[in-house]
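The values are calculated or read from the model by the stated rules, or taken from the named source; none is laboratory data. Only a predicted model underlies this, so the values are computations on that prediction, with no experimental measurement involved. Virtual Cβ from ideal backbone geometry, glycine too; neighbours counted across all protein chains shown.
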Amino acid sequence: MAKVAQARSPYAVLVRSSAKSLRFCLSPTTRWAGRMLRTIQPIRLPDWYTRQFGLLSPARTGSTSRKSLLSPVLLIAAIIAIAAVAGCSTELAPRDTHATISDSGNISSFFYKMLLYVDIVIGVAVFGFLAVAIVRFRRAAGDDSLPPQNHGDARLELIWTAIPTVIVVVITIPMLVGLFQLAKHPDQNQKIIEIDVTGKQWWWDFTYKSGTANGLQTANEVHVEANTAVVMNMTSSDVIHAWWIPRLTGKRDATPGRTYPLYFTPLEPGIYDGQCAELCGASHAVMGTKLFVHPPAKEVEVEYAGKKYTLDSYETWAREQMASSVAPATPELEKGAKLFRDKTCPACHLVKGLEGAESAGQSVTTGPNLTHVGSRMTIAANTLLNTPQNLAKWIQDPQAVKPGAKMTKIAMTPDEAAAIAAYLTSLK
Ligand code: CUA
């Protein structure tokens, strides 16, 4: 009984452990801040502060060292370290949220810039006042007297309530307008490309619901048309993923059991990379996606990762993709197609038109639809370039490329993998 009476409530334990960890985190920071203060100007820190954080007050040690902790070497090392971890690449496939290429991306980018500029003004004002206060009102040497003490100043309190209120109102109004614009379904009277998007561990399934491509199922690489509104219905069949093409627009969660819409109108033809933005398991980092924005009419040349590519019109692409796969044209390709069937690949992958393998009802969605896999730029969810060598490597040991992938390792010789890869490459 006594034990029960003494047992601490869970709240007490929570508060105690939080206070402990807070002190643990603060301790090195405050110690460092204390040292910095002392290096700027020899000051006497309050006794409770020195006791708490294990500092010796200069009054006791007599230390008046002015040696700065921020030596130039440390500063340069810090800058190099920050640059290194940033891992920026502007040449290879820029994933820049500022260089947006859609109407909704431009709205998000406007939010960012507006907040940034407002924050810069606030930051300069606050730190400016702080610097003036530190310099002008610093304690004179030998002066231990207390400054005049103030309690309650209605005028000051009004000022520091009114200014933040005005700032919040000024940034809230355009943001609310923008949020409503982002959530608005495009006008039904215009051409709309509607796509059902399903996130899967670890790839994206796209099923087109409108226009020439109605019924088309493809994977990982999604194709749309410039200046045409796109409606994406986002869901997941396993865990939560997030579809994100940084240059296009913001992230949208793909959540099992729910469907969320994403609306955008791409404005510039081109090829844009994306990345799943929600930790979704072992191969989250290799769950990429690619967006192709086709021109509305005739083909155009676009640059991607330092190379030139020609993009057909969206309608041309859609018509080609709606066709069944081409039959294997050579004995080598025939061998590859046979191996594709014999190694039970069609249990998970649909190849529309492949004799003896076309799935009943054409609704296999365990793995990507491979009817036109040869026309894709990448394989394994934007992880490897689509070359026969990479395809063979992927087929032979998927786990080496994508740990935990549902595609199991099926026993085959390198020659067999190469034959299957050659057949799949022919499926343009
Ligand atoms: Cu899917 Cu992270």
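The rows are residues; the columns are (1) touching a Lys or Arg at 6+ places or on another chain (Cβ under 8 Å); (2) assigned to a loop (DSSP other than H, G, I, E, B); (3) outside the structural domain of Ser237 (by TED's automatic domain parsing).
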site: Ile167; (1), (2), (3): no, no, no
site: Ile173; (1), (2), (3): no, no, no
site: Phe180; (1), (2), (3): no, no, no
site: Asn189; (1), (2), (3): no, yes, no
site: Ile195; (1), (2), (3): yes, no, no
site: Gly199; (1), (2), (3): no, no, no
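Determine whether Ala141 is out of contact with any His (no Cβ under 6 Å at 6 or more places or on another chain), assigned to a helix (DSSP H, G or I), more than 30 Å from Trp243 (Cα to Cα) and not hydroxyl-bearing (Ser, Thr, Tyr).
no
In this entry, Met232 is excluded by the filter for residues that are surrounded by 21 or more Cβ atoms within 10 Å (Cβ to Cβ), within 15 Å of the ligand (Cβ to nearest atom) and either over 27 Å from Gly374 (Cα atoms) or at pLDDT 95 or above (or both). Exactly one condition in (1) touching a strand residue (DSSP E or B) at 6+ places or on another chain (Cβ under 6 Å); (2) at pLDDT 95 or above; (3) assigned to a loop (DSSP other than H, G, I, E, B); (4) surrounded by fewer than 20 Cβ atoms within 10 Å (Cβ to Cβ) is false for Arg258; which is it? Of the numbered conditions (1) touching a strand residue (DSSP E or B) at 6+ places or on another chain (Cβ under 6 Å); (2) at pLDDT 95 or above; (3) assigned to a loop (DSSP other than H, G, I, E, B); (4) surrounded by fewer than 20 Cβ atoms within 10 Å (Cβ to Cβ), the odd one out for Arg258 is (1).
Given the criterion assigned to a strand (DSSP E or B), within 17 Å of Thr366 (Cα to Cα), out of contact with any Gly (no Cβ under 7 Å at 6 or more places or on another chain) and in contact (Cβ under 8 Å) with a residue 60 or more places away in the chain, identify the matching residue among Thr235, Thr218.
Details: Thr235 fails: in contact (Cβ under 8 Å) with a residue 60 or more places away in the chain.
From the options Thr235, Thr218, the qualifying one is Thr218.
Screening Leu291, Leu267 for residues that are at pLDDT 95 or above, of a type outside the set (D, E, K, R) and surrounded by fewer than 20 Cβ atoms within 10 Å (Cβ to Cβ) leaves exactly one candidate, Leu267.
For a quick check of your reading: which helices (runs of 4 or more DSSP H) sit entirely within the stretch 377-428 and have at least 3 residues that are touching a residue at least 12 places away in the same chain (Cβ under 8 Å)?
Working: elements: 388-396, 398-401, 414-425.
Those helices (runs of 4 or more DSSP H) span 388-396, 414-425.
The test for being surrounded by 20 or more Cβ atoms within 10 Å (Cβ to Cβ), aromatic (Phe, Trp, Tyr) and in the same structural domain as Ala213 (by TED's automatic domain parsing) holds for Tyr314.
So that you can scan it fast, the table gives a plain yes or no per residue for (1) within 16 Å of the ligand (Cβ to nearest atom); (2) within 30 Å of Leu115 (Cα to Cα); (3) not acidic (Asp, Glu):
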position: Met175; (1), (2), (3): no, yes, yes
position: Gln190; (1), (2), (3): no, no, yes
position: Gln201; (1), (2), (3): yes, no, yes
position: Thr207; (1), (2), (3): no, no, yes
position: Leu216; (1), (2), (3): no, no, yes
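Picking from residues in the stretch 246-292 that are among the aromatic types (Phe, Trp, Tyr) and touching a residue at least 40 places away in the same chain (Cβ under 8 Å), the one that is nearest to the ligand (Cβ to nearest atom) is Tyr272. Among the residues of the stretch 238-255, the one identified as small (Gly, Ala, Ser) and modelled with pLDDT under 95 is Gly250.
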